[in-house]
Structure formats: structure tokens, C-alpha cells
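The values are calculated or read from the model by the stated rules, or taken from the named source; none is laboratory data. Nothing here was measured: the structure is a model prediction, and the numbers come from that model. All Cβ positions, glycine included, derive from the backbone under ideal geometry; neighbour counts span all protein chains shown. Only protein heavy atoms, including side chains, enter the accessible area calculation; ligands, DNA and RNA are left aside. Shrake-Rupley method; radii C 1.70, N 1.55, O 1.52, S 1.80 Å.
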Amino acid sequence: MESMVVHRTPERVMLALVQLASNTGTKTPEGTTRVASLTHQTIAEYVGTSREIVTFQLNRLRKLGMIKYSRKYMDIDVNQVRDALRMPQTAPRVQRMVG
């Protein structure tokens, strides 16, 4: 609940991916963390947004090289996602990309 009040949707999606990776993921030789693939709808319900928004955000993160995914799994570069969340300019940059 706190995440929904404090963070905007792009950040909530990123936080959810970090949580999934930390709680259920396994390290890959490439340095990413692999989690079993979830549907975009399931992620949307978890972060409190629509499936369309989650799809948009996952595609954006994939283009930025932070994640790779298929129907079977998702590889998350947890360090890169965490670094992006720590950057003060993340929120304005994410907003420009969304709008």
C-alpha cells in the first residue's frame, strides 16, 4: 500500500521486479537474476495498475537493457534496476517516456 502512495507506476514496476528477483530468483552466469515468468496481468495486479501499463513499462526496461524476458522466464539485472531507482532524475525521465 505504501508503495502505491509514495511511488509512481514506473517505479512500482521496477520495485516489484527487484522484489521478485530477491525473493524467488536464481543467479545466472551472466550476472542477472532469473525468475519464473509471470503474466503482465499478474504483475499489474501486484503493483496496482493495468496490464497495458505493465507491458509498456516492461518493454521500456527491456529497451534499456535492464531485463530480458520470454514466456518461460524473466532475467532481471537487479543492480541496474536498483541504480535507476536511486537516481534522482529517474522520476522525471520516466515521466517523459510515459507521456
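Only one of the numbered conditions (1) open to solvent by 80 Å² or more (accessible area, probe 1.4 Å); (2) under 10 Å from the mean Cα position of the chain (by Cα); (3) under 15 Å from residue 85 (Cβ atoms); (4) not aliphatic (A, V, I, L, M) is violated by residue 8, and that is (2). Residue 29 versus (1) surrounded by 11 or more Cβ atoms within 10 Å (Cβ to Cβ); (2) at pLDDT 95 or above: which is the lone unmet condition? With (1) surrounded by 11 or more Cβ atoms within 10 Å (Cβ to Cβ); (2) at pLDDT 95 or above applied to residue 29, the lone miss is (1). Of all residues in the range 39-80, those that are in contact with a Leu (Cβ under 6 Å, 6 or more places away or on another chain) and part of a helix (DSSP H, G or I) total 0. Within the range 3-23, the set of residues being β-branched (Val, Ile, Thr) and at pLDDT 95 or above comprises 13, 18. Contact map, the range 80-92: first residue closer than 16 Å to residue 32 by Cβ and open to solvent by less than 80 Å² (accessible area, probe 1.4 Å), second residue part of a helix (DSSP H, G or I) and modelled with pLDDT under 55, Cβ cut-off under 6 Å, separation 6 or more or different chains; pairs are 84/90. Taken over the range 47-63, residues that are open to solvent by less than 70 Å² (accessible area, probe 1.4 Å) and without any contact (Cβ under 8 Å) to a residue 12 or more places away in the chain amount to 2.
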